[in-house]
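**Student:** This is the structure I want to talk about, given as structure tokens.
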Amino acid sequence: MSIAPEAFDFVATLVRQRSAIQLEKGKEYLVESRLAPLARSAGAPNVDAYVRTLRANTGLHDAVVEALTTNETSWFRDISPFNMLRQHVIPELRNQGKRHLKVWSAACSSGQEPYSIAMTVKDHHADLGLSVTATDLSEEVLSKARLGAYSQLEVNRGLPAPVLVKHFVRKGATFEINPQLRDQITFRKHNLLDQPPVGGPFDIVFIRNVLIYFDVATKREVLSKVRRSLAPGGYLFLGAAETTIGIDDSWERVHEGGASVYRPREGK
């Protein structure tokens, strides 16, 4: 039995209010599959019954939002942005006189993106200092990210073998990130609808594959907050299917080597 329309509408409204993510019609299977484990843990006979308890028990809402906002991730995801970071963005920031980079990795999930950023800097610009503020709405994935320990299946998703050997230590069935890299990253719970996290102003912001879940007004709001969090001369990385064009004209796109990055227009 699929989730009832009124139950789906309640969950979609809850997630939209708490995270601004839009769960449109057609996502019923996603809601059903993500909430089924929570329903079982709560002793509810099905998801509809579990949703009925949500209406009266706001203490369960955080778990529901976390279950529905945890997204896919992998190492060096869509490799082009990391090539852009290594070959263009960091050299440009060096030309500005930067010797210590401050990076914000938003919606960082279980940590693969911020650790990929740290490995890129370490392997290609080792003389630069680095501080990464990595944020996510889900405390569950942040707890995993802080540990920096991954299974064989997880490291197989995009992590080249030489990088694995160089930056990880095997501990039983898991691979643990080098503590020197882990110490460069601060993981914080953060909602993109709130003010930017402490740790800025940032030279680089990664907020990839997140805006696609927001309506246009929320995209503009998030982009405005990100722009205010950037240091002069800073750069914004978006997902391949995302753009500021037609949404916020205070950004300009820089295209190099098959990848795009964004920076605030002068005077905007």
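**Student:** Can you give the three extents of the C-alpha atoms in segment 22-148 along their principal axes, from longest to shortest, in whole Å?
**Tutor:** Per principal axis, max minus min of the Cα coordinates gives 60, 27, 21 Å.
**Student:** Ok, one more. For segment 5-69, count the residues as N, evaluate 2.2 N^0.38 Å, and divide the Cα radius of gyration by that value, please.
**Tutor:** 0.98
**Student:** Based on alpha-carbon centroids, what's the gap between segment 27-44 and segment 169-225 in Å, whole number please?
**Tutor:** Each part reduced to its Cα centre gives a spacing of 27 Å.
**Student:** Something else now. Report D for segment 210-268 in µm² per second (integer): Stokes-Einstein, Kirkwood Rh on Cα pairs, 25 °C, 0.890 mPa s.
**Tutor:** 208 µm²/s
**Student:** How many times 2.2 N^0.38 Å is the alpha carbon radius of gyration of the chain?
**Tutor:** Expressed relative to 2.2 N^0.38 Å, the Cα Rg reads 1.07.
**Student:** For the chain, set up a GNM with springs between Cα atoms under 10 Å and report which of 219, 122, 25 has the largest fluctuation.
**Tutor:** Judging by the Gaussian network model, the answer is 25.
**Student:** Another question about this same structure. Test of understanding: in a Gaussian network model of the chain with alpha carbons linked when under 10 Å, which of 83, 178, 95 would top the mean-square fluctuation ranking?
**Tutor:** 95
**Student:** Using θ = phi - 60° and the Karplus curve 6.51 cos²θ - 1.76 cosθ + 1.60, what whole-Hz ³J(HN,Hα) does each residue of segment 27-44 get, with Gly and Pro shown as x?
**Tutor:** Coupling constants for segment 27-44: 9, 4, 5, 4, 4, 4, 6, 6, 8, 4, x, 5, 4, 4, 4, 7, x, 7 Hz.
**Student:** Could you work out the percent of alpha carbon pairs in segment 164-268 separated by over 21 Å, rounded to a whole number?
**Tutor:** The calculated P(r) of segment 164-268 puts 45 percent of pairs beyond 21 Å.
**Student:** Report the number of Lys pairs in the chain whose alpha-carbons are under 24 Å apart, with separation of 8 or more residues or on distinct chains.
**Tutor:** Lysine pair count for the chain: 22.
**Student:** In addition: Out of residues 5 or more away from residue 235 or on other chains, whose amide H comes under 5 Å of its own, with H placed 1.01 Å from N in the peptide plane?
**Tutor:** Hits under the 5 Å cutoff: 204, 205.
**Student:** What is the set of long-range amide H partners of residue 210 at a cut-off below 5 Å, with H atoms built 1.01 Å from backbone N?
**Tutor:** Placed amide hydrogens put 239 under 5 Å from residue 210.
**Student:** On to the next question. Using only the Cα atoms of segment 107-189, what do you get for the radius of gyration and for Dmax, in Å?
**Tutor:** 12.2, 33
**Student:** Dividing the alpha-carbon Rg of segment 114-154 by 2.2 N^0.38 Å yields what?
**Tutor:** Cα-based Rg divided by the globular estimate yields 1.36.
Throughout, read-outs are computed from the coordinates displayed, never taken from laboratory work. None of these values were measured; they are calculated from a predicted model.
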